[in-house]
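Okay, here's the structure, questions in a sec.
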Amino acid sequence: MGRESRLRIKTLVMVLAMVACGTVGDLLLKRGMMQIGAVQLTPAGISTAFHASLTNYTVWIAIFFLIGFMLTNMTVLSWADYSFVMPASAIGYAVIAFVGVTVLGETLTPRRWFGVALICVGVIFVGQTKPRTTEMAASAESVQ
Amino acid sequence: MIRTVVVMALFILAGCAGELAMTYGMKKVGEPERLRPRQVLQFVWRAVRTGWFWVGIPLMALNFYLLMVLLSWQPISLVIPASALSYVVGTLGAKYVLHEEVNALRWGGVCLVCLGVAIATAG
């Protein structure tokens, strides 16, 4: 396998991991915050919600996944173009739509399907370009 | 309405500037030698000690705060589709600030993603 192919596969795997972590983290955070209930925008209300979130397991699992998102994002940006990673990660919208329809039994309007289809075609277009167009980043060891 | 447009512009600029600073910092740090937990943690340790990381984080925090402000003023069906413009602004930043090569195919993909997100998330 050529160097270019390896770089492309490595980048796409990392983007998928980033999307998976971000999507799961967001969904769990939403579930956790729904368990806590609506936050009152007063100092006492925010304080109560903060303490409730510290003792909520779902929020902690969400934070774990969101840290995973941050790590994968930082790692992939160390070698791949921002203009490659950013649009490619929009595939998360399609993943959420797919999960919503297949797992949660939601229905999508034709307009939303059209939007998701455009995103997928856009991601395919971006995926055909070189993941890295700038100079080779310095190796990790040489920075030390 | 002008207030919303100004804050929306600041929201998009802060998010893109934060991501661009983060990308610049990560490129300076260099990729991990191997994608193993130890090497990745060493990479993260080096990353958090670079100045650009700490330029990016407050800008991303500002971006998040401005999103909260916008959502308190306008419906989500307006805010999220409008924020799709950040794909185009971010790509312009990548081209002119980070000097990435953005060819016609990548521009086409970015525009389709931007349009798709706007259509899929509009109320």
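The values are calculated or read from the model by the stated rules, or taken from the named source; none is laboratory data. All values reported here derive from a predicted model rather than from experimental measurement. Backbone-built Cβ (ideal geometry, glycine too); neighbour counts: all protein chains shown.
Looking at residue A:116, is it at the interface with another protein chain (Cβ under 7 Å from one of its Cβ atoms), at pLDDT 90 or above, over 24 Å from residue B:28 (Cβ atoms) and buried (at least 18 other Cβ atoms within 10 Å of the Cβ)?
In short, yes.
Also, I was wondering about something else. In segment A:86-102, how many residues are more than 8 Å from chain B (Cβ to nearest Cβ) and either at pLDDT 90 or above or in contact with a helix residue (DSSP H, G or I) (Cβ under 9 Å, 6 or more places away or on another chain) (or both)?
9
Residue-wise test of (1) under 25 Å from residue B:25 (Cβ atoms); (2) without any contact (Cβ under 8 Å) to a residue 12 or more places away in the chain; (3) not basic (Lys, Arg).
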position	(1), (2), (3)
B:75	no, no, yes
B:78	no, no, yes
B:92	yes, yes, yes
B:98	yes, no, yes
B:105	no, yes, yes
B:113	yes, no, yes
B:121	no, no, yes
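Which numbered condition in (1) surrounded by fewer than 18 Cβ atoms within 10 Å (Cβ to Cβ); (2) assigned to a helix (DSSP H, G or I); (3) within 7 Å of chain A (Cβ to nearest Cβ) is the only one that residue B:90 fails?
The one condition residue B:90 does not meet is (1).
Of B:106, B:49, which residue is over 16 Å from residue B:11 (Cβ atoms) and crowded, with 19+ Cβ neighbours inside 10 Å?
Every option except B:106 fails the conditions.
Within the set of pairs 6+ apart or on separate chains, which have a first residue in segment A:39-60 that is closer than 15 Å to residue A:28 by Cβ, a second that is in a helix (DSSP H, G or I) and basic (Lys, Arg), and C-beta atoms under 6 Å apart?
From residues that are closer than 15 Å to residue A:28 by Cβ, the pairs are A:58/A:31.
Something else about it: Exactly one condition in (1) surrounded by 12 or more Cβ atoms within 10 Å (Cβ to Cβ); (2) within 11 Å of chain B (Cβ to nearest Cβ) is not met by residue A:110; state its number.
(1)
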